[in-house]
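Scroll down for the structure; my scribbles are underneath it.
Quick note: the coordinates plus some simple rules give every number you see, no bench work behind them. The structure presented is a predicted model; accordingly, all values stated were derived computationally and were not measured. Cβ: placed from backbone, ideal geometry, glycine included. Neighbour counts: every protein chain shown.
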Amino acid sequence: MLVPVIIATLHYIAVFLLVGAVFAQMYLLKLPPSADAVRGIARADIVFGIGAVAILISGFGNAAHAKGMAYYFHNGAFHLALTLFIVSALLSIGPTIRYRRWKKAVDAGLPGPTEAEWKAQRKWPHIHLTLFAIIAACMAMMARGVMAGG
């Protein structure tokens, strides 16, 4: 009985970790580009990735211990949430590559991103938060049997 509670708790902690990382990115991208800001955004991006993986693993564990995977695989809201989660992951690839490239440059003493390059990244945290809000709505629908198949 304790294992499902632990898995659900880890799932919620992972969600908070991921959302916290996105808010950290939003904050850092409001600052002028600097070596410290670049290193910070790269660290926040790593936390974002760890949170995403932890959400996926704990989410499937949570589902298996809750109503069983068959319930979720027959629910359209589950499929929509999972699809949006994958879309979010795919959308994060470009920024992740960019942040790592910038960090490598500043660690080597080379110039970091220009102001325009830095500002162009500000849209990504907002896109991710929007997707996460829709995913949360899907989870609420799924828990209540909305879009459940027969």
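What residue among ALA37, ALA24, ALA133 has the largest mean-square fluctuation in a Gaussian network model of the chain, using Cα springs under 10 Å?
ALA133
Taking H placed 1.01 Å from N in the peptide plane, check which residues at least 5 places from ASN75 or on another chain put their amide H under 5 Å from its amide H.
Sorted by chain and number, the residues that satisfy this are GLY149.
Roughly how many Å is it from the Cα centre of segment 110-150 to that of segment 33-96, as a whole number?
With segment 110-150 and segment 33-96 each reduced to a Cα centre, they are spaced 10 Å.
Would any residue of segment 1-18 have its amide N under 18 Å from a label point 7 Å out along Cα→Cβ of VAL53? List them or say none.
Those under the cut-off are 10-18.
Taking only complete DSSP H runs, can you tell me which helices of the chain stretch 27 Å or more along their own long axis by Cα positions and average at least 1.6 on the Kyte-Doolittle scale? Display every interim value, and only then the final one.
Working: long enough: 2-30 (42 Å, 1.93); 35-65 (45 Å, 1.08); 123-143 (30 Å, 1.31).
Passing helices, by number: 2-30.
Could you give the size of the charge dipole of the chain about its Cα centre, using +1 on the Cβ of each K and R and -1 on the Cβ of each D and E, expressed in debye and rounded to the nearest 20? Numbers along the way, then the final one.
Values: 13 positive and 5 negative charges, 33 e Å.
Around 160 debye, computed over the chain.
Under a cut-off of 24 Å between alpha-carbon atoms, report the lysines in cross-link reach of LYS104, not counting same-chain residues fewer than 8 places apart.
Excluding near neighbours in sequence, the set is LYS30, LYS119, LYS123.
For Cα Rg over 2.2 N^0.38 Å, one of (i) 1.12; (ii) 2.16; (iii) 1.20 was computed from the structure I shared and the rest are decoys. Which label?
(iii)
Which of PRO111, PRO95, PRO125 moves the most in a Gaussian network model of the chain with Cα springs under 10 Å?
Maximum fluctuation in the GNM of the chain, among the listed residues, is at PRO111.
List the residues whose amide H sits under 5 Å from the amide H of VAL146, counting only those 5 or more places along or on another chain, with H placed 1.01 Å from N in the peptide plane.
Placed amide hydrogens put nothing under 5 Å from VAL146.
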